[in-house]
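Working notes for the structure below.
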Amino acid sequence: MIKRQPTASSGGRLDGQTRLLLAVNGLFITAGAFSGTFLGVYIWKASKNFSLLGWFTLLSYLCMALTFWTAGSAVKRGRKRLVLQLGIFASAVFYALVLALGHRCIAYIVPLGVLQGFANGLFWVSFNVLYFEVTDAANRDRFNGLAGVIGALAGMLAPWSSGFLISRMAAETGYRIIFIVSLTVFVLGAVVSFWLRNRPPGGPYDWRHPIRIWQVPRTPWHSVLTALAVQGVRESVFGLMIGLLVYIQTGSELKLGNFTLLSSAVSFMSFYAVGRWLKPAWRVKGMLVGAIVITAIVLPFFFGIRYGTMLAFGVGIGLFFPLYGIPMTSAVFDLIGRNEDSASRREEYVVVRELALSAGRVFGMIVFLITIQISRSPAVLNVMLLVVGSAPIFSWLLMRSNLRLSPRRRSA
């Protein structure tokens, strides 16, 4: 049996490796925030085609799921840092290709979607295993809160700077500059990652572990994986639609940047507060409040999607999403660490977690593609957003028993 490595914490504190992982994560998110916020807008402006953008996103999620499963073997063999660095490198190559192709990128939407999924899959499967190894139940909420704070800071500054540059420069010059900035930050993230320690190999990789979990009766993983899949449905549709709706309503990259600045500023404060003060005993009520509010915040769309409505939506999500997201993430990783046996299979469990999320994301994007084929009227799109947006409530219903139990009391 493989014992867990010493973790970062004593009384919830974070050690050097944990802070270094936060830095790498922050640089990766910042690089994506500079260009990723406007990537969908860039593709849509070049094609004016919702379906094309949907297929690009769907391909990305499918390839990401496949990468999670296959790259898990390399991570299990002790090559976590290498896999992480390959993910950063592949992301840099993706934006370099978009930069080189310009608006011609829509002719290469299939390979670009595959490459983005490959890059994200490599980075996140390695990051999540490292995250599990350097945190424990005592400091996991704190780590997630700080990661959210860093993500919110990136969401405040990077998209606003990008929107400002794009709005002030002619033709595609602004887009080219932000793609170059993203490349630079990705390179910096790869350099910083060299200081992450590689931990010993974890034994043979169980390729059939995702299937074996469903063959075990009365395991909490059945409800947890279903909750993750439901969460993924919302992630995919809202991740594609919200920024694009803001741009379509305003026709301004600067206003899209202002939207992300305001919503991320609120998110920054909320992630800090929730990460610092939310106790494991409060997860059930906190997650329920977050789930209800981020579902209800869609209702004003039925009275018209205007810029002011979108700003109110962004503020509401920024304020209450941490109450939902932090308990959700922490509880899943607490479950992985419930005993030595599951901790020794952390790579397989991380892969299973990501596959569940990806299954939901793929399903959500299929729902989106079917919906826009049927109708693109505001009423139909609003119904879709409300139905998909209610996913957090169903995730809470599936997770609430796991939120109540401490890691030591959970059983396989």
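Observations on the structure shown:
- Considering only residues in the range 9-57 that are of a type in the set (Ser, Thr, Tyr) and over 16 Å from the mean Cα position of the chain (by Cα), the one that is surrounded by the fewest Cβ atoms within 10 Å (Cβ to Cβ) turns out to be SER10.
- Residues that are surrounded by fewer than 23 Cβ atoms within 10 Å (Cβ to Cβ) and of a type in the set (Phe, Trp, Tyr) within the range 58-115 comprise TRP69, PHE89, TYR108, listed in sequence order.
Residue by residue, here is whether (1) at pLDDT 85 or above; (2) among the polar types (S, T, N, Q); (3) under 30 Å from GLU340 (Cα atoms) holds:
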{"position": "GLY12", "(1), (2), (3)": "no, no, yes"}
{"position": "ASP15", "(1), (2), (3)": "no, no, yes"}
{"position": "VAL24", "(1), (2), (3)": "yes, no, yes"}
{"position": "PHE28", "(1), (2), (3)": "yes, no, no"}
{"position": "PHE38", "(1), (2), (3)": "no, no, no"}
{"position": "VAL41", "(1), (2), (3)": "yes, no, no"}
{"position": "PHE68", "(1), (2), (3)": "yes, no, yes"}
{"position": "ALA71", "(1), (2), (3)": "yes, no, yes"}
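- Qualifying residue in the range 290-310 (condition: within 30 Å of ALA71 (Cβ to Cβ) and in a helix (DSSP H, G or I)): no
- Where helices (runs of 4 or more DSSP H) fall entirely within the range 203-283, those with at least 2 residues that are out of contact with any Ser or Thr (no Cβ under 8 Å at 6 or more places or on another chain), within 23 Å of GLY32 (Cβ to Cβ) and of a type outside the set (Val, Ile, Thr) are at 221-250, 253-277.
- Selection from the range 303-359 of residues that are in contact (Cβ under 8 Å) with a residue 12 or more places away in the chain, over 22 Å from SER401 (Cα atoms) and β-branched (Val, Ile, Thr): ILE305, VAL315, ILE317, VAL351
- Residue within the range 141-164 that is surrounded by fewer than 24 Cβ atoms within 10 Å (Cβ to Cβ), of a type outside the set (Val, Ile, Thr) and outside any helix (DSSP H, G or I) present: no
- The set of residues in the range 165-181 that are in a helix (DSSP H, G or I) and among the hydrophobic types (A, V, I, L, M, F, W, C) comprises LEU165, ILE166, ILE177, ILE178, PHE179, ILE180, VAL181.
- Selection within the range 353-387 - within 30 Å of ASP334 (Cβ to Cβ) and touching a Phe, Trp or Tyr at 6+ places or on another chain (Cβ under 7 Å): GLU354, LEU355, SER358, ARG361, VAL362, MET365
- Residue match in the range 109-130 (condition: farther than 20 Å from ILE88 by Cβ, in a helix (DSSP H, G or I) and either touching a strand residue (DSSP E or B) at 6+ places or on another chain (Cβ under 8 Å) or at pLDDT 85 or above (or both)): yes
- Considering (1) surrounded by 14 or more Cβ atoms within 10 Å (Cβ to Cβ); (2) touching a helix residue (DSSP H, G or I) at 6+ places or on another chain (Cβ under 7 Å), the lone condition that ARG197 does not fulfil carries the number (1).
- Selection from the range 246-262 of residues that are buried (at least 20 other Cβ atoms within 10 Å of the Cβ) and either acidic (Asp, Glu) or closer than 15 Å to THR309 by Cβ (or both): VAL246, TYR247, GLU253, LEU256, ASN258, PHE259
- Of the residues making up the range 300-339, those that are of a type in the set (S, T, N, Q) and more than 16 Å from the chain's Cα centre (by Cα) are THR309, ASN339.
- The criterion of at least 1 residues that are crowded, with 18+ Cβ neighbours inside 10 Å and at pLDDT 90 or above is met, among helices (runs of 4 or more DSSP H) falling completely within the range 330-412, by 346-374, 378-389, 391-404.
- Residue count for the range 263-280, restricted to those that are crowded, with 16+ Cβ neighbours inside 10 Å and under 20 Å from the mean Cα position of the chain (by Cα): 11.
Residues are listed down the side, and each one gets a yes or a no for (1) of a type in the set (A, V, I, L, M, F, W, C); (2) closer than 29 Å to ASP341 by Cα; (3) without any contact (Cβ under 8 Å) to a residue 12 or more places away in the chain:
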| site | (1), (2), (3) |
| --- | --- |
| VAL187 | yes, no, no |
| TRP195 | yes, yes, no |
| TRP214 | yes, yes, yes |
| HIS222 | no, yes, yes |
| LEU225 | yes, yes, no |
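- Residue tally, condition of a type in the set (Lys, Arg) and farther than 16 Å from GLN231 by Cβ, over the range 360-377: 1
- Among all positions in the range 245-253, there is at least one residue which is over 30 Å from VAL351 (Cβ atoms), without any contact (Cβ under 8 Å) to a residue 60 or more places away in the chain and not β-branched (Val, Ile, Thr).
The values are calculated or read from the model by the stated rules, or taken from the named source; none is laboratory data. Worth saying up front: this structure is predicted, and the values here are computed from it rather than measured. Virtual Cβ from ideal backbone geometry, glycine too; neighbours counted across all protein chains shown.
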